[in-house]
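J.: Can you keep this structure in mind? I'll have questions shortly.
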Amino acid sequence: MAVIRKVKEKIKKVSARKKASKRVAKAKINKNSAPTEQKKEILGFREMVVEQAKFSHPEISRSRRGLAQDLPNKYDQDKLILQVRDPWWIHAYWEVRSATIEKLKNELRDEFYKAKRIIRVYDVSHIIFNGHNAHSSFDIEVHEYNNSWYIDTGGPGRSWCVDLGLLLPGGKFIMILRSNTVTTPLAGPSWITDEEWMIPEDMFARLYGLGFGLGQSSPVGRAWQEKVKHVLSSGVSSVSSPVKKAARKFWMRVDCELIVYGATEPDAKVTVQGKPISLRSDGTFTLRFALPDGKQIIPVKAVSADKVDERTITPIVVRETK
């Protein structure tokens, strides 16, 4: 029995040695293979990055637009703005503060609720408007919730001003706001056609002559040049080339003229310095006066067709020549 025990112990020791040697060998194999696998992983990652870069596209950076902010409905200001749309129409928009309305309610009390809210349109053409000297006016009733209105003026080439206010039952008008003054354009060419634009004769000769090829390098024929020179030589001395030196005759003349123009209703009767004048179809007129030294008083009077309304405007012009 003792022999059998010794044999078994030797077998256990041998098997233990074999297992230990196997473990050591396995550990060595794992130790040697680890860098290879790590290298493979690194190489594989690099290949993947290169492969992705072949087909990658850079993203375009776009700036984000901010959301548009709505304009406020009110600015808490008392204002009335008038602007021109075309020769016949103007546009008004306004804002009245709540504090202003409350002040009117306290002052007018019951009359405030009986009053009509209107915009009063004034024709202030060719005058300095002071609130009472308008050529004519008309009213447009608006609702208390309205804050803008298109106005048909009925005539181009005139100046307009607008009041926003309350019309009381007794006919009294209380102004709340007054607008700026605007002038509508003409519907056609200007009726003023007799102005003279001054230009020195020597400059006129140079410009006119160069336009017809009077320069040294002109391609225009000599016959045409001589013809133009002949036409200009009568009034422009800088173009002519006298053979002999003429005697000096230096002189100068200055004069002035006065142009008076205006507009009214087409069917009105107009007099200037007491003499009747004719109006154009749109009610406009233009007059040209000599202007000697001294004081010139030119009253212009217009009377409506029914002879109810009458307006007089008197330009006073003083000329003093030194």
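The values are calculated or read from the model by the stated rules, or taken from the named source; none is laboratory data. Keep in mind it's a predicted model, so treat the numbers as computed, not measured. Reconstructed Cβ throughout: ideal geometry from the backbone, glycine too, with neighbour counts over all protein chains shown. Please note that ligands, DNA and RNA were not included when accessible areas were found on the heavy atoms of the full protein model with its side chains. Shrake-Rupley method; radii C 1.70, N 1.55, O 1.52, S 1.80 Å.
J.: What tally of residues in region 258-271 results from selecting those that are assigned to a loop (DSSP other than H, G, I, E, B) and loosely packed, with under 13 Cβ neighbours inside 10 Å? Spell out the reasoning first.
T.: First, pick out the residues of region 258-271 that are assigned to a loop (DSSP other than H, G, I, E, B): 264-268.
Still in the running and loosely packed, with under 13 Cβ neighbours inside 10 Å: 267.
Count: 1.
J.: On to the next question. Could you list all residues from region 127-142 that are in contact with a Lys or Arg (Cβ under 7 Å, 6 or more places away or on another chain) and either in a helix (DSSP H, G or I) or open to solvent by 60 Å² or more (accessible area, probe 1.4 Å) (or both)?
T.: Just the residues of region 127-142 that are in contact with a Lys or Arg (Cβ under 7 Å, 6 or more places away or on another chain), to begin with: 135, 137, 139, 141-142.
Of everything in region 127-142, those that are in contact with a Lys or Arg (Cβ under 7 Å, 6 or more places away or on another chain) and either in a helix (DSSP H, G or I) or open to solvent by 60 Å² or more (accessible area, probe 1.4 Å) (or both) turn out to be Ser137, Asp139, Glu141.
J.: Looking only at region 296-322, which residues are among the basic types (Lys, Arg) and surrounded by 10 or more Cβ atoms within 10 Å (Cβ to Cβ)?
T.: First, pick out the residues of region 296-322 that are among the basic types (Lys, Arg): 301, 307, 311, 319, 322.
Selection gives Lys301, Arg311, Arg319.
J.: Looking at region 272-296, which of its residues are assigned to a strand (DSSP E or B), of a type outside the set (Lys, Arg) and without any contact (Cβ under 8 Å) to a residue 24 or more places away in the chain?
T.: Pro276, Ile277
J.: Turning to a different aspect of this structure: I need a count of the residues in region 147-183 that are closer than 29 Å to Ala268 by Cα, part of a strand (DSSP E or B), touching a residue at least 60 places away in the same chain (Cβ under 8 Å) and open to solvent by 20 Å² or more (accessible area, probe 1.4 Å).
T.: 4
J.: Every residue in region 77-126 that is open to solvent by less than 40 Å² (accessible area, probe 1.4 Å) and more than 27 Å from Gly170 (Cα to Cα), please.
T.: Across region 77-126, the qualifying residues are Leu82, Asp86, Pro87, Ile90, His91, Ser125.
J.: Answer with yes or no whether Leu67 is under 30 Å from Thr181 (Cβ atoms), at pLDDT below 90 and part of a loop (DSSP other than H, G, I, E, B). I'd like the intermediate steps shown before the answer.
T.: Numbers: under 30 Å from Thr181 (Cβ atoms): no; at pLDDT below 90: yes; part of a loop (DSSP other than H, G, I, E, B): yes.
So Leu67 fails the test.
J.: Starting from region 127-146, keep only residues that are free of Cβ contacts under 8 Å to residues at least 40 places away in the same chain, then list their pairs with residues that are open to solvent by less than 50 Å² (accessible area, probe 1.4 Å) and outside any strand (DSSP E or B) whose Cβ atoms are within a distance under 7 Å, requiring at least 6 positions of separation or different chains.
T.: Asn133/Ile127; Ala134/Val124
J.: Being within 23 Å of Thr184 (Cα to Cα), at pLDDT below 90 and of a type in the set (A, V, I, L, M) narrows it down to one residue among Leu287, Leu258; which is it? Don't jump to the end; show me each part of the working.
T.: Working: Leu258 fails: within 23 Å of Thr184 (Cα to Cα).
Sole residue among the options that is within 23 Å of Thr184 (Cα to Cα), at pLDDT below 90 and of a type in the set (A, V, I, L, M): Leu287.
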